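Visitor: The following block contains the structure, expressed as structure tokens.
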Amino acid sequence: METKGVRPNTTTYTALIDGYSKQGDFVKAKRILTEMESNGVKPNTNTYTALIDGYCQKGMMNEAYKLRIVMESKDLIPNVYTYTSLVHGECKSGKVDDALKLFNEMPTKGLVPNVMTYTAVISGLSKEGRSGEALRLYNQMIEAGVIPDAAAYSALSFLARQLE
């Protein structure tokens, strides 16, 4: 790109970081973040969330939280996607109570959980055999006007099998 006179911007760098993070190549993702900053391009919440999500997908929760601290130290505010990544990561790691704390923290930060956030917690609760809590959360999701998607129905079907 630069050889053609086109300079990467925040969106370009974020896409690269997201791609490397999804592949689990955190060395390259962090190198791109460092390059981005040294080239005077400021990362935004989406940039950090891309890397946080990658860490969460791989169960590297300590790294995800460290990066959240760095992000917040730069006056960047976690958004619903940042929280959803952390919630999903905690559920995947079997720490559903930690996921619930994050979930319950969201409204205090002015964030409304989306279908992915609800589904992650419902699925996590179901897998722990906490079907009553999962069902209550599903009802809360419906009352909040959040429309279930295929993943939510899959989590609900897992829950239904537990209740039989």
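Visitor: Filter the stretch 48-102 down to the residues that are basic (Lys, Arg), crowded, with 17+ Cβ neighbours inside 10 Å and not assigned by TED's automatic domain parsing to the domain that holds ARG130 and list them by number.
Guide: ARG68 - this is the single residue of the stretch 48-102 that is basic (Lys, Arg), crowded, with 17+ Cβ neighbours inside 10 Å and not assigned by TED's automatic domain parsing to the domain that holds ARG130.
Visitor: If you take the residues of the stretch 7-28 that are of a type in the set (Gly, Ala, Ser) and closer than 10 Å to GLY54 by Cβ, which of them is surrounded by the most Cβ atoms within 10 Å (Cβ to Cβ)? Working first, answer last.
Guide: If we filter the stretch 7-28 for residues that are of a type in the set (Gly, Ala, Ser), which is where we start, we get 15, 19, 21, 24.
From what's left, closer than 10 Å to GLY54 by Cβ: 19, 21, 24.
Working: GLY19: 15, SER21: 24, GLY24: 13.
Out of the qualifying residues, it is SER21.
Visitor: Restricting the stretch 63-93 to residues that are of a type in the set (Gly, Ala, Ser) and touching a residue at least 12 places away in the same chain (Cβ under 8 Å), which is nearest to PHE26 (Cα to Cα)?
Guide: ALA64
Visitor: Taking the stretch 29-44 as the search range and keeping residues that are assigned to a helix (DSSP H, G or I) and crowded, with 18+ Cβ neighbours inside 10 Å, which one is farthest from the chain's Cα centre (by Cα)? Give the steps one after another, and end with the answer.
Guide: Just the residues of the stretch 29-44 that are assigned to a helix (DSSP H, G or I), to begin with: 29-38.
Okay, now just the ones that are also crowded, with 18+ Cβ neighbours inside 10 Å, so 29, 32-33, 36.
Details: ALA29: 17, ILE32: 20, LEU33: 18, MET36: 22 Å.
Taking the candidates together, the pick is MET36.
Visitor: Still on this structure: Only one of SER131, SER126, SER157 is of a type in the set (Gly, Ala, Ser), crowded, with 22+ Cβ neighbours inside 10 Å and at pLDDT below 95; which?
Guide: The conditions single out SER126.
Visitor: Scan the helices (runs of 4 or more DSSP H) fully inside the stretch 82-145 and keep the ones with 2 or more residues being under 22 Å from ASN62 (Cα atoms) and in contact with a strand residue (DSSP E or B) (Cβ under 9 Å, 6 or more places away or on another chain).
Guide: No helices (runs of 4 or more DSSP H) qualify here.
Visitor: Which number in (1) over 20 Å from ALA151 (Cα atoms); (2) over 11 Å from the mean Cα position of the chain (by Cα); (3) of a type in the set (S, T, N, Q) marks the one condition that SER123 misses?
Guide: (1)
The values are calculated or read from the model by the stated rules, or taken from the named source; none is laboratory data. Computed from a prediction, not measured in an experiment: that's the story for all the values here. With ideal geometry, Cβ positions are generated from the backbone for all residues, glycine too; neighbour counts draw on all protein chains shown.
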